[in-house]
1. Multiplying the sequence separation of residue 131 and residue 185 by 0.36 nm and subtracting their Cα-Cα distance, what value in nm do you get?
2. Which value, in Å² and to the nearest 10, is the accessible area of residue 154 when all protein chains are kept and the probe is 1.4 Å?
3. Taking 0.36 nm per residue of separation and subtracting the Cα-Cα distance, what length does fully extending residue 110 through residue 31 add?
4. Find the centroid of the Cα atoms in region 7-43 and in region 216-256, then give the distance between the two in whole Å.
5. For the pair residue 45/residue 228, report the inter-label distance in nm, with labels modelled 7 Å from Cα in the Cβ direction.
6. Given 141, 68, 86, which one lies farthest toward the positive end of the charge dipole of the chain, if we put +1 on the Cβ of every Lys and Arg and -1 on the Cβ of every Asp and Glu?
7. For region 27-131, just say rounded, prolate or oblate: build the C-alpha gyration tensor, square-root its eigenvalues into a ≥ b ≥ c, call rounded for a/c under 1.5, and beyond that prolate if a/b exceeds b/c, oblate if not.
8. Counting heavy atoms of the protein chains only and a 1.4 Å probe, report the per residue accessible area for the chain as a whole number of Å².
Amino acid sequence: MFTIVVLIMRYFIYLSYLGQSYSGWQIQKNALSVQQIVQEALSNLLSTQVTIWGSGRTDKGVHASNQVAHFDLEQEIPNASHLLYALNRILPSDVGITAIRAVVPHAHARFDALYRVYEYTLVRTKNPFYKQVALWVDPLPSLALLNQLAAFFCVSADFEYLSKVNKQLQNFVCTVQEATWSQVEDRIVFRIKSNRFLRGMVRALVGIMLKVGRGKLAWETVQQWLLTKPMERPILPLAPPHGLRLVEVAYPEKIFLTHL
């Protein structure tokens, strides 16, 4: 008797997208998602049903310049550069594939991520060229004040009350390693790095800091939300999704087999 061993190859796929035309990353029943169109494109080109698993969800309207997902195949990709080219040819113009890398079989795009980085972009001057990727804010609180507020969030803490309600989670602790505001040419960019993010968390933090900076929300109230979690859950001032972008997902180098 012979035993047939099926070799399963796992790959990480790196992609970028503008989120305004999509319901978010994750597949939904009655709305178009980024995961759906990439999954369908891969399945079509590889002539087999492919399922991809993302490093995390991005909400409706949120962008990514470096989202990562993984998928499995029962054979090795024969020509990776050709697959990369073919994917970009058939995908819509607001979605691009930047790389494909072979990884060890147990590597997971979500659970093996060391950290993730998001950026939220503001502009002080109304500019139609930024209308889909940046929030126009005028007047804008000073960078010094915004950075004082951001420093408070650079902690390991329970962020349940600073995120959207998510009844599927039991653990809301995030370890935020970086939270800073800076001037980048004609833009103001909030950069935040953490081991994980909760739904709507970055948009909530941006909205809170802008509201506190304008004197429309007491800072002591925000501290209570994070540190004491009062009985009544707050209504969070979420910043619009179009200013938010996933910019980096990092992994241990040991999970990669080779560059394709």
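1. Values: separation 54, 0.36 × 54 = 19.44 nm, distance 1.65 nm.
The residue 131-residue 185 span can extend by a further 17.8 nm.
2. Probe radius 1.4 Å; accessible area of residue 154 about 50 Å².
3. On the way: separation 79, 0.36 × 79 = 28.44 nm, distance 2.29 nm.
Difference between extended and current length: 26.1 nm.
4. Region 7-43 and region 216-256 have Cα centres spaced 24 Å from each other.
5. 5.5 nm
6. With unit charges placed on the Cβ atoms, the residue in question is 141.
7. It comes out prolate by the Cα gyration axes.
8. For the chain, the per-residue accessible area is 53 Å².
The values are calculated or read from the model by the stated rules, or taken from the named source; none is laboratory data. Predicted model only: the values in this text are computed from it and were never measured. All Cβ positions, even for glycine, are placed from backbone atoms using ideal geometry, and neighbour counts span all protein chains on display. The protein model used for the area step is the full one, side chains on, heavy atoms only, and it has no ligands, DNA or RNA in it. Shrake-Rupley method; radii C 1.70, N 1.55, O 1.52, S 1.80 Å.
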